[in-house]
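To start, the structure under review is shown below, and the notes come after it.
The values are calculated or read from the model by the stated rules, or taken from the named source; none is laboratory data. Because the structure is predicted, anything quoted here is derived from the model rather than measured. When we count neighbours, we look across all protein chains shown, and the Cβ atoms used for this are built from the backbone with ideal geometry, even at glycine. Only protein heavy atoms, including side chains, enter the accessible area calculation; ligands, DNA and RNA are left aside. Shrake-Rupley method; radii C 1.70, N 1.55, O 1.52, S 1.80 Å.
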Amino acid sequence: MVSAPHGGKLVQIGQRVNRDAFAGFKAAQTVTIGEETKSVVKDIASGVFSPIEGFMGENDYLGVIEQMRLESDVPWTIPVLLPVEDDVKLAAGDEALLADKEGAPVAVMECGETFQVSKKEYAMKVFGTEDQAHPGVSKVYDRPSRAMAGKLKAVARVDHGRFADCTLSPKETRVLFTERGWNSVVAFQTRNAPHINHEYLQKSALALVDGLFVNPVVGKKKPGDFKDEVIVDAYKALIDNYYPKSSVVLSVLHYEMQYAGPKEAIMHAIMRKNFGCTHITIGRDHAGVGNYYGPYAAQDIFKEFPDLGITPFFFKEFFYCRRCAGIASEKTCPHPEEERLSFSGTKLRKMFADGQVPPKEFMRPEVAHVIAESKAPFVE
Amino acid sequence: MGKTLPTKYTTVSIPKTLHARLEKLISTKTGFKSVSDYVTFVLREVVTMHETSQSPDPFSSKDIEEIKARLKALGYL
Ligand SMILES: [Zn+2]
């Protein structure tokens, strides 16, 4: 049986197909939202963020940052807020139109209370640092400190653009997993093109369950990361050539990385639970950035949640070891680090820029080919 | 600045004998700081198990047929 939705309820906010359904809102009733918030709206509407039905009020916000739980006691580790400028004068009970920067309607929301958020406290509690060199922290400092709660009433038709054909909603994956007869499904979160070590980690996990759900994150990333389309095409090439189709599903998640390390690992697990996954792999420095988090801090945090409802599979890092003459991990290989084949992101970028590809012990040639064929595979 | 979360704890009575056993248990190997932490952990584990087994299937058969048609069109089924 697929996993029960987080908090017991798969949220589904109705789509209004006709744009006229969003007509009649005056400027004072309209809140302009950026791309990241737009993505959050879609995730709330499709149930990825179940049981949340809108943007958090102050009690949920404080519960999340102080106790890692919603007011309902359900585990939750990163606030879902709607930051608003001071000139937004909507009151609790008002209906507001959320529109994107071009003025296109995104959702109708019933407003709740507005409240002040301490950026410093948010940064420290969620990211464990207030260093604005951290990409998640810098986003917090760039947005208004006032937040407005609200429950989504309806959303505009969701268009996933280039990724429409490989975007499945939680409702769809739940039906898919059931149709395939999978009782246990392990999720693999990624924001990278696949290396051999990722493939081994996924296949090690797959050996223990019925199905594998490869769920790359698409959305704004940081410079130096692979572009979304490269990641997706690289995965398609990998799966076509090296995976049994009957035991894997590839679908993308539209979500902006927070780089919150352990706290984000829990959110990654919650989202995949809502897709119906029973397990999730958590590797080295999951959702981390720079040196802000310990290499296995994202594994340790799971001890705090006996009621998460999705089981983590913890893995040490995999790599190709010359002495083992194969893929090994810190757990299985006794040899010194010099024996490991590894490429830093910088070295890999330079290699592709120079028209070279990494060796097959590091990356499947079909995957390397996709990257090499892309004119500009990395985010500038 | 915003408010802080009020302390949201209440008291549950358990037999003193059980409390003593739990104190002994957590002092040896569990890594819990207090009996309250331990009891909270265990109860969350138990309550979520019961809640999970009660979750109703949220989809109608019409929903399921529509979803299956899309999954087939996309090559997932
Ligand atoms: Zn070795």
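A few points about this structure:
- Rounded percent of accessible protein surface that carbon and sulfur make up, the range A:162-373, 1.4 Å probe: 48 percent
- Additional length obtainable on full extension of the chain from A:GLN356 to A:LYS153, 0.36 nm per residue less Cα span: 67.9 nm
- Between B:ILE64 and B:LYS33, the FRET efficiency estimated from the beta carbon spacing at R0 = 51 angstrom works out to 0.60.
- A:ARG146 paired with A:GLN132, simple spin-label distance in nm, labels 7 Å along Cα-to-beta-carbon: 2.1 nm
- Chain A: angle of helix A:35-46 to the longest principal axis, Cα-based, in degrees nearest 10: 90 degrees
- Computed magnitude of the charge dipole of the range A:80-179 (debye, nearest 20; Cβ of K, R +1, Cβ of D, E -1): 200 debye
- Nonlocal amide H pairs with A:SER184, under 5 Å, H built at 1.01 Å: A:ASP210, A:GLY211
- Average beta-carbon neighbours from other chains, 10 Å sphere, peptide A:171-178: 5
- Computed log₁₀ I(q)/I(0) - Debye formula, equal Cα scatterers, no solvent, the range B:16-73, q 0.13, 0.25 Å⁻¹: -0.55, -0.95
- Calculated FRET efficiency for the pair A:ARG323/A:ASP240, C-beta based, R₀ 30 Å, to 0.05: 0.40
- Of A:ASP233, A:ASP240, the residue with the largest accessible area leads and the full order is A:ASP240, A:ASP233 (1.4 Å probe).
- Within the protein assembly as shown: Cβ-based charge dipole about Cα centre, in debye rounded to nearest 20 (Lys, Arg +1; Asp, Glu -1): 700 debye
- Summed residue charge, Cβ within 13 Å of A:ARG143's Cβ, Lys/Arg positive, Asp/Glu negative: -3
- Ellipsoid equivalent to the range A:7-57 - semi-axes via the Cα gyration tensor, in Å: 23, 14, 10
- Note on chain A: dipole from Cβ charges, positive end direction compared against A:PRO135, A:ALA164, A:PRO334; the farthest Cα belongs to A:PRO334.
- Length, then width, then depth: along the principal axes, the Cα atoms of the range A:162-373 run 43, 37, 31 Å.
- The range A:74-203 pair-distance distribution - Cα-Cα, 10 Å bins, rounded %: 9, 24, 32, 26, 9, 1
- Value of Rg to Rh for chain A (Rh from inverse mean 1/r over Cα pairs, i.e. Kirkwood): 0.97
- Distance from the Cα centroid of the range A:190-208 to that of the range A:1-57 is 32 Å (rounded to whole angstrom).
- Estimated FRET transfer efficiency (A:LYS222, A:ALA104; beta-carbon r; R0 30 Å; 0.05): 0.65
- Projecting the Cα atoms of B:LEU18, B:PHE59, B:ALA69 onto the charge dipole of the range B:16-73 (Cβ charges, centred on the Cα centre) puts B:LEU18 farthest toward the positive pole.
- Taking the Kirkwood radius as Rh and the Cα radius of gyration as Rg, the range A:6-156 has a ratio of Rg/Rh equal to 0.96.
- Euclidean distance between Cα centres, the range A:325-362 to the range A:274-304, Å: 22 Å
- Think of it as helices only: each DSSP H run of n ≥ 4 in chain A is worth -39500 (n - 2.57), and spread over all residues that comes to -8000 deg cm²/dmol at 222 nm.
- One Cα centroid belongs to the range A:75-136, the other to the range A:213-264; the line between them spans 26 Å.
- Exposure rank, largest accessible area first [A:PHE314, B:PHE32; 1.4 Å]: A:PHE314, B:PHE32
- When the chymotrypsin sites (Phe, Trp or Tyr not before Pro) in the range A:123-188 are filtered for DSSP coil states and for at most 10 other beta-carbon atoms within 10 Å of their beta-carbon, no site remains.
- Sparsely packed GluC sites (Glu not before Pro) within the range A:95-129, loop by DSSP, other Cβ within 10 Å at most 15: A:GLU102
- Extension gain from A:ALA21 to A:MET124, taking 0.36 nm per residue of separation minus the Cα-Cα distance: 33.0 nm
- Of A:ILE196, A:TYR296, A:GLY57, farthest towards positive along the dipole that unit charges on Lys, Arg, Asp, Glu beta carbons give chain A: A:ILE196
- Average partner coverage of A:298-309, which counts Cβ from other chains inside 10 Å: 3
- Counted charge near A:PRO365, where neighbours are those whose Cβ lies closer than 14 Å (Asp, Glu -1; Lys, Arg +1): -3
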